[in-house]
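The values are calculated or read from the model by the stated rules, or taken from the named source; none is laboratory data. What you see is a predicted model, and the numbers here were worked out from it, not measured in a lab. Please note: Cβ atoms are built from the backbone with ideal geometry, for glycine as well, and neighbour counts cover all protein chains shown. Each accessible area value is taken on the protein alone, full model and side chains, heavy atoms only, with ligands, DNA and RNA left out. Shrake-Rupley method; radii C 1.70, N 1.55, O 1.52, S 1.80 Å.
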Amino acid sequence: MIELDKDINDLKILISEQQIQEKAKELALKIDSVFPQNETVYLICVLKGSVMFFTELSKHIKHNIQMEFIRISSYGHETKSSQNMQAIDLTLPNLNDKNVLIVEDIIDTGLTARFLTDMFKIKHQPKKLIFVSLLNKKCARQIDIEPDLYGFEIDDKFVVGYGLDYKGFFRNLPYIGYFPN
Ligand code: IMP
């Protein structure tokens, strides 16, 4: 059994539900403007962390969309990137020459983003590939990579909520929070 050694009462809100919802609408407008009109966009949800942002964002995209899901694990049960990324399920249809939007929860070291963009370019060769992340921890970057679009830049602190977890917990919180030291 996984022990939860954090108390939700200690959690401080960093980004509210309303801020996230407004940002998702803003990002959806930008996304609609970068993909060709009247063409289908394949939205790729990177499980598990991006599940909430993915659904919120998808509600506001005006293009015809298809939803696809892949699963990657990089953190284990720590609050620092393990740098040991595990591709658990990368099953996707043929996305050759398609419009693709990769939806991530957060870019931290950048290793997952690098892996995903390389994988899509090499394996799928999409017509247009856009990478959007709800959060961007620029100061924690270990490799030179930036998302095409992101919601909020945050400091190098471990955050939970809105899909992001600590030991599998707190994904259901409707806001982004952190535990002060
Ligand atoms: P990266 O490969 O180091 O950029 O990490 C990307 C993945 O690590 C994200 O998709 C998250 O699942 C996880 N991650 C990074 N920072 C945090 C955090 O502050 N809280 C929870 N998960 C995080």
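General remarks:
- Unit charges at the beta carbon, dipole of the chain: most positive-side option, Ala87, Leu14, Val100: Val100
- Total lysine pairs whose alpha carbons fall under 14 Å of each other in region 34-181 (8 or more apart, or interchain): 10
- Ranking Thr117, Thr55, Ala24 by Cα position along the charge dipole of the chain, where only Lys, Arg, Asp and Glu carry charges on their C-beta atoms, puts Thr117 farthest toward the positive end.
- Size-normalised alpha-carbon gyration radius of region 7-129, reference 2.2 N^0.38 Å: 1.13
- Computed from point charges on the beta carbon alone (+1 for Lys and Arg, -1 for Asp and Glu), the dipole magnitude for the chain about its Cα centre is near 380 Debye.
- Accessible surface, 1.4 Å probe, highest first, among residues Arg71, Arg171: Arg71, Arg171
- The chain - percent of accessible surface contributed by carbon and sulfur, probe 1.4 Å: 45
- Estimated FRET transfer efficiency (Lys167, Ile13; beta-carbon r; R0 25 Å; 0.05): 0.80
- Whole-number accessible area per residue in Å² for the chain, which is evaluated in the context of all protein chains at 1.4 Å: 53
- The residue list Pro126, Cys139, Tyr178 was ranked by how far each Cα lies along the charge dipole of the chain toward its positive end, using unit charges on Cβ atoms, and Pro126 comes out on top.
- Sorted largest first, the spans of the alpha carbon positions of region 1-51 along the three principal axes are 49, 27, 10 Å.
- Label point distance in nm, Thr40-Met119, each placed 7 Å from Cα along Cα→Cβ: 2.2
- Under 5 Å from the amide H of Ile107 lie the amide H atoms of Leu135, Asn136, Lys137, each residue being 5 or more positions distant or on a separate chain, with H modelled from the backbone and absent for Pro and chain starts.
- GNM top mover of Val159, Val34, Val103 - the chain, alpha-carbon springs below 10 Å: Val34
- Hz values of 3J(HN,Hα) by residue in region 138-152 - Karplus curve (6.51, -1.76, 1.60), Gly and Pro given as x: 4, 5, 9, 5, 10, 9, 7, 8, 10, x, 5, 9, 8, x, 9
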